[in-house]
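Trainee: Right, I'll just put the structure down here and ask away after.
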Amino acid sequence: MKRDATVLVVAGLDPTGGAGLAADLTVLASVGARGWPVAAALTAQGPKGVRGWSPVPVEMLLAQLDALLDGAPRAPGAVKTGMLGTAALAHALAARLAARDLARAPLVVDPVLLSSSGALLLDLADGSPADAFGPLLARARVVTPNLDELRALTGLEVGSDEAAVAAARRLGARAVLVKGGHREGAPVDLLVERRSVTRFTGRRRPGTARGTGCRLASALAGLLARGASLDEAVRGAKKVVERYLDAQARGRGGRDR
Ligand code: PLP
């Protein structure tokens, strides 16, 4: 596995570290990769939930990327996106990812729409989630929707494995990891690729924890940047999330519990 892998992370700042950029950096360090955090949005949140958020101006997103990458010794080994806030930011980012310095980096898209407390984290005034995420999905190595996000992105029912696989294929991405954490019974994730579907069955952990989606996608990006195959990266990323859930259940998770 490659050393000194770097992942460009474009997401929202959750100052509690429960989710968003701060959580992403912790997870990347734990899989042996360094994160370059670029803020697409700031959120005001704490133990009582999300009180508000603001997207950064599009020019500021692009300025952050240009400043970070201009003169960097190496291009990042992967890119991960989380909360992007607006379609304008998602589209500007997708266009910037086509530039030479980023065009080869595998892209992991976590299509964040809502916080677990129910706050909308994507402004829907200028279009549907599919409009906002479309260009990023087309460029992604892997997209990591939960079942609600998959339903919102496609408008399709996702109640059975067959339906979820059909919906995942509609996203137009090379691979989709459909997260089953919200389904009844054992959590089963489905890795849907053009010609195959791989099932990853986990053990249900008691309780809930914030930021599991952010952590899974970041660990995936970190492992891809280190040279893992997609299958290895999914297995490794699931272990990272399982360890996090176990630590939370033991009450060792600190204030982001
Ligand atoms: N990204 C950011 C910046 C957030 O603030 C949140 C939630 O508040 C999320 C992602 C989604 O994470 P979660 O589902 O744990 O709330």
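The values are calculated or read from the model by the stated rules, or taken from the named source; none is laboratory data. Please read these numbers as outputs of a predicted model, since none were measured by experiment. Cβ atoms come from the backbone with ideal geometry, glycine included; neighbour counts cover every protein chain shown. All accessible areas refer to the heavy atoms of the entire protein, side chains included, with ligands and DNA or RNA removed. Shrake-Rupley method; radii C 1.70, N 1.55, O 1.52, S 1.80 Å.
Trainee: Do you know which residues across segment 109-141 are near the ligand (Cβ under 10 Å from one of its atoms) and over 17 Å from residue 40 (Cβ atoms)?
Mentor: Within segment 109-141, the subset near the ligand (Cβ under 10 Å from one of its atoms) is 110, 112-119, 121.
Hits for segment 109-141 are 116, 117, 118.
Trainee: Scan segment 1-50 for residues that are among the charged types (D, E, K, R), outside any strand (DSSP E or B) and away from the ligand (no atom under 13 Å from the Cβ) and jot them down. Give the steps one after another, and end with the answer.
Mentor: Here is the first cut: in segment 1-50, the ones among the charged types (D, E, K, R) are 2-4, 14, 24, 34, 48.
Now drop any that are not outside any strand (DSSP E or B), which leaves 2-4, 14, 24, 48.
Selection gives 2, 3, 4.
Trainee: Please determine, by comparing only the residues of segment 9-31 that are open to solvent by 20 Å² or more (accessible area, probe 1.4 Å) and either among the aliphatic types (A, V, I, L, M) or in contact with a Cys (Cβ under 6 Å, 6 or more places away or on another chain) (or both), which one is nearest to residue 42 (Cα to Cα).
Mentor: Going residue by residue through segment 9-31, those that are open to solvent by 20 Å² or more (accessible area, probe 1.4 Å) are 13, 15-16, 22, 25-26, 29-30.
Narrowing the set further to residues that are either among the aliphatic types (A, V, I, L, M) or in contact with a Cys (Cβ under 6 Å, 6 or more places away or on another chain) (or both) leaves 13, 22, 25, 29.
Values: 13: 5, 22: 12, 25: 16, 29: 22 Å.
Filtering first and then ranking leaves 13.
Trainee: When only residues in segment 32-57 that are touching a Lys or Arg at 6+ places or on another chain (Cβ under 7 Å) and among the hydrophobic types (A, V, I, L, M, F, W, C) count, which is least open to solvent (accessible area, probe 1.4 Å)? Steps first, please.
Mentor: Step one: filter segment 32-57 for residues touching a Lys or Arg at 6+ places or on another chain (Cβ under 7 Å), giving 32-33, 44-45.
If we keep only those that are among the hydrophobic types (A, V, I, L, M, F, W, C) too, we end up with 33, 44.
Numbers: 33: 11, 44: 51 Å².
Once the filter is applied, the top-ranked residue is 33.
Trainee: All but one of (1) of a type in the set (Gly, Ala, Ser); (2) touching a strand residue (DSSP E or B) at 6+ places or on another chain (Cβ under 7 Å); (3) under 21 Å from residue 218 (Cα atoms) hold for residue 103; which doesn't?
Mentor: That leaves (2) as the condition not met.
Trainee: Can you pull out the strands (runs of 3 or more DSSP E) entirely within segment 160-252 that have at least 3 residues that are more than 19 Å from the chain's Cα centre (by Cα)? Show your work before the answer.
Mentor: Details: elements: 175-178, 188-193, 197-201.
In segment 160-252, the matching strands (runs of 3 or more DSSP E) lie at 197-201.
Trainee: How many of the residues making up segment 218-235 are open to solvent by 20 Å² or more (accessible area, probe 1.4 Å) and small (Gly, Ala, Ser)?
Mentor: Of the residues in that region, 2 qualify.
Quick grid of which residues meet (1) over 20 Å from residue 190 (Cα atoms); (2) part of a helix (DSSP H, G or I):
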{"site": "54", "(1), (2)": "yes, no"}
{"site": "75", "(1), (2)": "yes, no"}
{"site": "80", "(1), (2)": "no, no"}
{"site": "90", "(1), (2)": "yes, yes"}
{"site": "95", "(1), (2)": "yes, yes"}
{"site": "130", "(1), (2)": "yes, yes"}
{"site": "151", "(1), (2)": "no, yes"}
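Trainee: While we're looking at this one, here's another question. Identify all residues within segment 123-148 that are touching a Ser or Thr at 6+ places or on another chain (Cβ under 8 Å) and surrounded by fewer than 24 Cβ atoms within 10 Å (Cβ to Cβ); write none if there are none. Lay out the reasoning, then the answer.
Mentor: Pass one, segment 123-148, residues touching a Ser or Thr at 6+ places or on another chain (Cβ under 8 Å): 123, 126, 130, 132, 136.
Listed by number, the residues that qualify are 123, 126, 130, 136.
Trainee: I need every pair where a residue in segment 206-231 that is within 11 Å of residue 110 (Cβ to Cβ) and within 9 Å of the ligand (Cβ to nearest atom) has its Cβ under 7 Å from the Cβ of a residue that is charged (D, E, K, R) and assigned to a loop (DSSP other than H, G, I, E, B), sequence separation at least 6 or different chains.
Mentor: Pairs found: 213/110; 214/110.
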